[in-house]
Structure formats: C-alpha cells, structure tokens
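Only one structure is covered here, and it is reproduced in the block below.
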Amino acid sequence: MRFEVLDALRGICALLVALYHFSSNGVISNLALVRNGWLFVDYFFVLSGFVIAHSYGRRLAEGSVSVSRFMGLRLGRIYPLHIAVLLAFIALELALIVFGDTLSRYVSRGAFSGSRSLTALFQSIFLVQTFGLPGAEGWNVPAWSIAAEIWTYLLFAFVFVAPRRFMLPLTGALTALCAIWLMGYADDLHVTFNGGVLRCIFGFGVGVLTYHCFRRYGGVGGNLWELGALVAMAVFVSLAQGIFTFAAPLVFGAMIFVLASQRGLVSRVLGYRGFQLLGLTSYSIYMIHIFVQGRIGEVLQLTNIVEISVDERGRTILQGTPLTGDLVTLAMLVVVVVGSLAGYYLVEKPGRDLSRRLLNGRSAKKRTGTKGTAFVESSGPGR
C-alpha cells in the first residue's frame, strides 16, 4: 500500500518550509501558518517513522532485509541530491576565489569562511552536523534534518530487529526520553544543529507508534474526519508557541492516522496529479530551496529591486513593499518547483536507482546458487 495522500501533503509541507525561509512584508509571509512553517519539518519526521515502519519494519524483523541493505537504500535515497546541492554551494565559493574583486561589493566574507567554513562542509558531507559540534551551522541549512534522519534510521533499524515483544516498548521509551530531554533543554521544538537528532527520534518514534495503531485498529477516514484533522493541524501550527510546540509530532501523528485511510474529500483532492507531483518532488523542494532563494536574493541585489538580508535561522529577508514581497515570493515558489523537477529527474531518481542496482548486484553475488542462478531481492517501496 502506498500512502499517496500523505506523500502529497509532504510536498505541500515542503513548500511551507520554503516559504518560512523567505520572509517579506507581504501577505504570504505574514500568514501564521507560514511564520510557524519550521514546524512542518516534524511532519517529515513523523511521516518517515510511519512509512519506514510500514515498508521495512516487518522485513527487518524477519531478516528478509538486512540492516546494511536498509541503510544502503536510505543513503541512496538521500545522499545523491545532498551531495549535488553541496557541490553547487562549493561552486559559489570557488567563484568567490576567481571573481573575488568583482563580487566583493556583494559578499563581505572570503571564500570558505564564516557559515561556509571547511569544518562545516566536512560535517555536512559526513552527516554529523546535527550533534552540536562546533562550527556546524552553514552550507545547506535544511540538510541538518537529513543528517538527523540517517542516524535515526540506523537506530530504529536495530529497534526493528529486536525481539518482537521488545520493539514497541523500546520505541515508546526512546520517544518519551527524547521528548523529555528536549523539553528540559529547549524553550521550543526548534532544535536543529545542536541536538536535532533527538527531535528526529521523537518525531520518528511517534510515526512508528502511529503506524502500529493504524495497523491494529485501522483508520477512521471520511470527509468530516479528514477535514477536521487538516483544520486542527493548521490551527495548531498557526498558534503553537513555546512549550506547546512539543506537541507537534503528536498532532501530526493524529492527522496521519486519519488521512492514512485515504477515504475522504481531502484524500480525493490530494490525489490529483499536481499534488502527487509535489509529493514526488518534495525532497528536492526541501533540499534546493535555500540555494534557489540565495540566488534570487543576489539577483535582487544586483537589480536594486529590494534590500536583502539573511537572519540567524538562514531565512532570506526582503525589505520592500508588501506587493513586491508577495510577487517575489510567488516567483520564488515557481523557480523552486521547476528546480525540484530537475533535481528529482536528473539527480534524485537516477541516484536512487543506481544505489538499488549496486545493492542488488552485491546481493546477487552473495546469493548465487549452486547452479549459477542469482536471486535478486526486491527493493520494495521506494519512499
């Protein structure tokens, strides 16, 4: 079973995260849902737990998929685009070296310095920038969450292969411990480079538990349930502040539990091709939007249309009229969506397919029988 509705919603959430990182005086940026758009990262974490439990939980437990193969598939899913975006940022730093004198009026720092230090680059390459190490913040800011996810995948792969009677208690304990630690450590759930992996484990664990509730009890579905769940989520995200943000994974888990049945008006609407395309390219939207926004900002600086700045959370801030802000924001979304299509079809999908072929080839060599016939394991659901 593929949860197409949840996938489409992931695409919408990715766009809302992109809007959060692009602030202006316009109407769009001042929507409460956009101002708190950073919370939608927790939807990604909860959905990942739900989908991984569905796609791989039983197979890992039964041994039909090994932990190493599972991790290879997950790396093949996220790493090619991650490296491609890093290479694009590296190209910008090389341009600073070559054209430093020309660009000095627009860029106040030297190449490979400040937020683009080599220390931060190596941490991004090895996906360790979410553990609170010195100098981690920089380069492609949203990549902190995929770093958190890859280590969460590894942790839960071992949870899934634990004896069945221990799996759910272990999941519950890990989820609760991370939630308690985060509430004691931070004022809200906006924890990223400094311990974001615990935020991811919290959300992922909620997703795993949500899946097992869905599998055991079934969903509720129906028009009223789906509309109510979506409205409740939107109201929560719009109003949540401070300690209340720690409830976000639970709210997203409840919404996923309802929508997973795919039996209502919301599901029918999100089943349309445009929303499905957003879901297909959601990872690319998420990974490229900061790079695209930075380049749009540079064009705006060159043309003197508006003044641009970047805040401590990596958001592009536009100073100008509300109308200009909204028009530029809409243009940014178009460029991000178009760029995400290129990212998906040119990098993400080929990289994922190549990793599967390599893993299948290695598996075939290991499983070759006495008659020389190789068994190639199905790679299963792709997301």
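The values are calculated or read from the model by the stated rules, or taken from the named source; none is laboratory data. Small disclaimer: the values here were computed from a predicted structure and weren't measured. As a convention, Cβ positions derive from the backbone with ideal geometry for all residues, glycine included, and neighbour counts pool all protein chains shown. In case anyone asks, the SASA skips ligands and DNA or RNA and just uses the protein heavy atoms, side chains included. Shrake-Rupley method; radii C 1.70, N 1.55, O 1.52, S 1.80 Å.
Tally time: how many residues in segment 168-185 are open to solvent by less than 20 Å² (accessible area, probe 1.4 Å) and of a type in the set (A, V, I, L, M, F, W, C)?
Selection size over segment 168-185: 3.
If you check Phe158, Phe122 for being under 25 Å from Ile285 (Cα atoms), of a type outside the set (A, V, I, L, M), open to solvent by 30 Å² or more (accessible area, probe 1.4 Å) and out of contact with any Leu (no Cβ under 8 Å at 6 or more places or on another chain), only one passes: Phe122. Could you give me the residue pairs with C-beta distances under 6 Å whose first residue belongs to segment 264-277 and is in contact (Cβ under 8 Å) with a residue 12 or more places away in the chain, whose second residue is part of a helix (DSSP H, G or I) and open to solvent by less than 70 Å² (accessible area, probe 1.4 Å) wherever it lies, and which are 6+ apart or on separate chains? If the second residue must be part of a helix (DSSP H, G or I) and open to solvent by less than 70 Å² (accessible area, probe 1.4 Å), the pairs left are Gly264/Glu226; Val266/Glu226; Val266/Leu230; Ser267/Val5; Leu270/Val5; Leu270/Ala8; Phe275/Ala8; Gln276/Ala8. Of all the residues in segment 289-342, those that are in a loop (DSSP other than H, G, I, E, B) and under 25 Å from Leu39 (Cβ atoms) number 5. Out of all the residues in segment 111-118, is one or more assigned to a loop (DSSP other than H, G, I, E, B) and within 24 Å of the chain's Cα centre (by Cα)? Yes, that holds for at least one residue.
For Ser68, the conditions (1) in contact (Cβ under 8 Å) with a residue 24 or more places away in the chain; (2) surrounded by fewer than 21 Cβ atoms within 10 Å (Cβ to Cβ) are fulfilled apart from (1). The criterion of at least 3 residues that are within 22 Å of Phe158 (Cα to Cα) and modelled with pLDDT of 95 or more is met by the following helices (runs of 4 or more DSSP H) wholly inside segment 26-72: 40-52.
Of the conditions (1) modelled with pLDDT under 95; (2) surrounded by fewer than 16 Cβ atoms within 10 Å (Cβ to Cβ), Ile296 satisfies every one except a single condition; which number is it? Unmet condition: (2). The C-beta contact set for segment 108-134 (first residue among the aliphatic types (A, V, I, L, M), second residue open to solvent by 60 Å² or more (accessible area, probe 1.4 Å) and in a helix (DSSP H, G or I), distance under 7 angstrom, 6+ apart or interchain) comprises Ala111/Ile97.
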